[in-house]
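The values are calculated or read from the model by the stated rules, or taken from the named source; none is laboratory data. Since we're looking at a predicted model, the values are computed, not measured. We place every Cβ from the backbone using ideal geometry, glycine too, and count neighbours over all the protein chains shown. Areas reflect the complete protein model, heavy atoms only, side chains present, ligands, DNA and RNA absent. Shrake-Rupley method; radii C 1.70, N 1.55, O 1.52, S 1.80 Å.
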Amino acid sequence: MKRRRLLLALAPALLASTWLARAWASSVPRASPVPGGVARIALGASASPPRARLGQARLLVTQEGREWFALVGIPLAAKAGSKLQVEVERAGRTERFDIGVAPKQYAAQHLKVPRDQVDLSPEDLARYERERAHLAAVLGTFSDAAPATLAMLQPAPGRRSGTFGLRRYFNGQPRSPHTGMDIAAPAGTPVVAANAGRVIDVGDYFFPGRTLIVDHGQGLLSLYSHLSAFDARAGDDVAAGAPIGKVGATGRVTGPHLHFSVYLNAVAVDPALFLPD
Ligand SMILES: [Zn+2]
């Protein structure tokens, strides 16, 4: 009798926690149509999934209840006030949806750096260009299987920098903005996969150092940089939370930390939108 009452008392709490977990997962990513954000387009109900594109890039399409939604990663370089045109094909028809890009001002950082640290040697420049082309091809991966969840785990314990989108200037010259979040953690701290997926690239690159990329499906990818070691290989299927490497300071960095990026339709979006608060 006593036990039964206890179970009955616990039931609402258990229900509430699964409800909360589900509510959290279905609100991820937090949508907002700003540069570096994610827009959500309601596509209505249909028997088969619609196909959606932004330019050449396929978009992630997900179903909630009966309704389909397209998720659109908005490039950091998109201008506030501009419109992005999404093409949706369903039941043999093509429809167009406009996304109005809302303003978001990211912080700027001005650094004075010795010239020899800014100007790459011809060999380093050639290496950088090769790697940039390779990484762009990898980050353009679109596999058909949809991710089971869009909610992600923080891949390493530690303080998050909140510097996604930071506009960087070296000696007054604009550089590429910061395309991820930095997590402060000592070298050797285990790094885990933020979501289930397949490791599609493992390499040691000029700027990001030892880097591993996981494909979660439908153009949702995560990237982990400056690793000291890898615990997974290209082609491995990994579960959310599975160890994939260790925090390090490889590449062009001043100290050990994890650089964590999330990509949607080959666009870097704010990883914080996919993480619990
Ligand atoms: Zn970083």
| task | Scan the range 133-148 for residues that are within 25 Å of residue 31 (Cβ to Cβ) and open to solvent by less than 50 Å² (accessible area, probe 1.4 Å) and report the count. | result | 5
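Condition first: more than 16 Å from the ligand (Cβ to nearest atom) and among the hydrophobic types (A, V, I, L, M, F, W, C). Now tell me which residues in the range 206-220 satisfy that.
214, 220
Rundown of residues vs (1) more than 30 Å from residue 50 (Cβ to Cβ); (2) more than 22 Å from the chain's Cα centre (by Cα), yes/no style:
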| site | (1), (2) |
| --- | --- |
| 106 | yes, no |
| 112 | yes, yes |
| 123 | yes, yes |
| 141 | no, no |
| 146 | no, no |
| 153 | no, no |
| 164 | no, no |
| 170 | yes, yes |
| 176 | yes, no |
| said: Just the residues that are more than 22 Å from the chain's Cα centre (by Cα), modelled with pLDDT of 95 or more and of a type in the set (Gly, Ala, Ser), please, taken from the range 47-88. | reply: 81, 82
| Before we move on, is residue 31 modelled with pLDDT of 90 or more, closer than 30 Å to residue 181 by Cα, outside any loop (DSSP other than H, G, I, E, B) and touching a strand residue (DSSP E or B) at 6+ places or on another chain (Cβ under 6 Å)? | no
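Of everything in the range 133-164, what is charged (D, E, K, R) and more than 16 Å from the ligand (Cβ to nearest atom)? Give them in sequence order.
144
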| query | Can you find a residue in the range 125-132 that is assigned to a loop (DSSP other than H, G, I, E, B) and either of a type in the set (Val, Ile, Thr) or surrounded by 10 or more Cβ atoms within 10 Å (Cβ to Cβ) (or both)? | reply | no
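Which members of the range 59-73 meet the condition of being touching a strand residue (DSSP E or B) at 6+ places or on another chain (Cβ under 6 Å) and either touching a residue at least 24 places away in the same chain (Cβ under 8 Å) or hydrophobic (A, V, I, L, M, F, W, C) (or both)?
59, 60, 61, 62, 67, 68, 69, 70, 71, 72, 73
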| request: Working only within the range 241-263, note down all residues that are within 13 Å of the ligand (Cβ to nearest atom), of a type in the set (D, E, K, R) and assigned to a strand (DSSP E or B). | output: none
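Rundown of residues vs (1) modelled with pLDDT of 95 or more; (2) over 28 Å from residue 121 (Cα atoms); (3) in contact with a Leu (Cβ under 8 Å, 6 or more places away or on another chain); (4) open to solvent by 10 Å² or more (accessible area, probe 1.4 Å), yes/no style:
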position: 201; (1), (2), (3), (4): yes, no, yes, yes
position: 215; (1), (2), (3), (4): yes, yes, yes, yes
position: 224; (1), (2), (3), (4): yes, no, yes, no
position: 230; (1), (2), (3), (4): yes, yes, yes, yes
position: 260; (1), (2), (3), (4): yes, no, yes, no
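Which is among the polar types (S, T, N, Q), open to solvent by 60 Å² or more (accessible area, probe 1.4 Å) and over 23 Å from residue 175 (Cα atoms), of 109, 105, 63?
Exactly one of 109, 105, 63 is among the polar types (S, T, N, Q), open to solvent by 60 Å² or more (accessible area, probe 1.4 Å) and over 23 Å from residue 175 (Cα atoms), namely 63.
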| Considering residues of the range 264-277 that are away from the ligand (no atom under 15 Å from the Cβ) and surrounded by fewer than 22 Cβ atoms within 10 Å (Cβ to Cβ) only, the residue nearest to residue 204 (Cα to Cα) | 266
